[in-house]
Amino acid sequence: MRAEISFGKSLIGILFAGLAATGCTTTSQPAATPAKTKTKQAQAAKVTFNYTAKDRDCLKRAMYFESQHSDEDGYMAVGTVVMNRLTSGAYPPSICGVVAQEKQFAPGVMTREVKPQAEPELATAADAILLKGARHPAVKDAMFFHTDGLKFPYGNMHYVTVAGGNAFYEKRDSNGMLQTPPPLPSYEVAMNYVPGESMLPPQFEALIPSAVPVPLPSPDPMATASTMSAVNMAPTARMAPIANPIPMPMPMPMPITAPVTSPATAIEPEPGMPIAIPIPRPAYDSVMLRGAIPANGG
């Protein structure tokens with residue numbers, strides 16, 4: 001009897017455990033919440049301007065001569081005007097082009113001497129503008145300035161600040177709208193340093209195939225023996241340089257007893273060797289102002 005009761009209890013326990021397990025498995029589970037997806041806003045690409053060591057020097061020159069050799073505040077104000085013009089699209093697309101534009105900045109800004117005592121502070125201001133994107137906050141969108149204390153009868157001169165002995169202003173119409181293309185804010189501008197690049201064109205920019213003979217004009221019949229000897233010994237500029245040339249003994253000049261009247265000769269270079277034709281270097285001012293946009297006043 002006790003065995004039957006014990007067996008019954010065991011059977012009831014097994015059935016109860018099974019029902020409990022079934023109830024657990026059928027309990028509805030809350031739906032899994034989908035993972036939140038983070039959407040990253042695409043950052044707008046910055047407008048990149050290249051600058052060279054010469055451009056940096058032009059920036060320092062403008063800051064120095066236009067701020068009356070004042071201080072960092074005056075330097076930064078003038079430097080901000082230069083950068084505003086560069087990024088506005090209405091002026092030349094390089095710093096040197098902006099600074100050297102005719103009748104816009106101080107006379108002799110590209111040629112006068114900068115005192116060595118001002119170099120450390122100028123370098124600090126130039127690097128802040130070019131490397132850190134710093135601007136004078138009070139200059140805002142101004143692209144024009146004149147010596148402080150002067151007055152002009154124009155109604156579009158909206159003054160924003162005075163720094164370094166200059167009064168800075170924006171050109172705005174009667175409705176307060178800028179009359180010039182607005183410059184880019186510094187956070188939209190990236191300055192890319194290009195080492196070793198010059199604004200001047202290469203000295204040798206014309207390469208001709210070596211299969212084409214280079215005409216050599218006939219010597220002057222009135223040339224003296226000493227002159228012709230020097231010509232014979234001097235290397236010609238038309239021949240391409242040879243890497244690691246082997247030293248050769250200097251030939252003795254040949255005496256000339258009669259005027260040379262032979263026709264023009266030609267140099268036959270070795271096949272596959274390019275020949276550089278030197279071209280005259282252009283004048284400095286004409287290169288710096290090449291492609292300049294007409295002045296907007298200043």
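Apply the a/c threshold of 1.5 to the C-alpha gyration tensor of the stretch 115-170 and tell me whether it is rounded, prolate or oblate. Don't skip to the answer; put the middle values down first.
Details: a/c = 3.80, a/b = 1.76, b/c = 2.16.
Oblate shape, in that a/c is at least 1.5 and b/c is the bigger or equal ratio.
If I take R0 = 45 Å and measure r between the Cβ atoms of residue 174 and residue 124 in this structure, what FRET efficiency does the formula 1/(1 + (r/R0)^6) give, to the nearest 0.05? Don't skip to the end; give the middle numbers.
Values: r = 40 Å, r/R0 = 0.90.
Result of the calculation: an efficiency of 0.65.
How do the peptides 182-194, 128-140 rank, highest first, by the average count of neighbouring beta carbon atoms within 10 Å per residue? Write down the numbers at each step before the final one.
Numbers: 182-194: 14.9, 128-140: 17.2.
Result, highest mean first: 128-140, 182-194.
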| field | Estimated distance in nm for a label pair at residue 68 and residue 112, the labels positioned 7 Å out from Cα along Cα-to-Cβ | value | 1.3
| field | For the stretch 63-119 versus the stretch 145-160, the gap between their alpha-carbon centres in whole angstrom | value | 19
| If you add up the charges near residue 82, with Lys and Arg at +1 and Asp and Glu at -1, over every other residue whose beta carbon is less than 11 angstrom from its beta carbon, what do you get? | +2
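Which order do the peptides 118-125, 55-62 come out in when sorted by mean C-beta neighbours inside 10 angstrom, highest first?
Working: 118-125: 15.9, 55-62: 23.5.
My ranking of the peptides, most packed first, is 55-62, 118-125.
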| field | Local net charge near residue 172, Cβ-Cβ under 14 Å (Lys/Arg +1, Asp/Glu -1) | value | -1
| field | Average accessible surface area per residue within the stretch 40-192, 1.4 Å rolling probe, Å² | value | 50
| remark: Quick note, the stretch 47-193: a/c under 1.5 would make it rounded; otherwise a/b > b/c is prolate and the rest oblate (a ≥ b ≥ c, C-alpha gyration tensor); here it is oblate
| remark: Net charge near residue 118 (other residues with Cβ under 11 Å of its Cβ; Lys, Arg +1; Asp, Glu -1) is -2
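Among the DSSP beta bridges whose two residues both lie in the stretch 47-193, what percent are antiparallel, rounded to the nearest 5? Walk me through the numbers before you get to the answer.
Values: 11 of 16 bridges.
Counting DSSP beta bridges with both partners in the stretch 47-193, the antiparallel share is about 70 percent.
The values are calculated or read from the model by the stated rules, or taken from the named source; none is laboratory data. Everything numeric in this text was worked out from a predicted model, so none of it was measured. Virtual Cβ from ideal backbone geometry, glycine too; neighbours counted across all protein chains shown. To get the accessible areas, we keep the full protein, side chains included, count just its heavy atoms, and leave off ligands, DNA and RNA. Shrake-Rupley method; radii C 1.70, N 1.55, O 1.52, S 1.80 Å.
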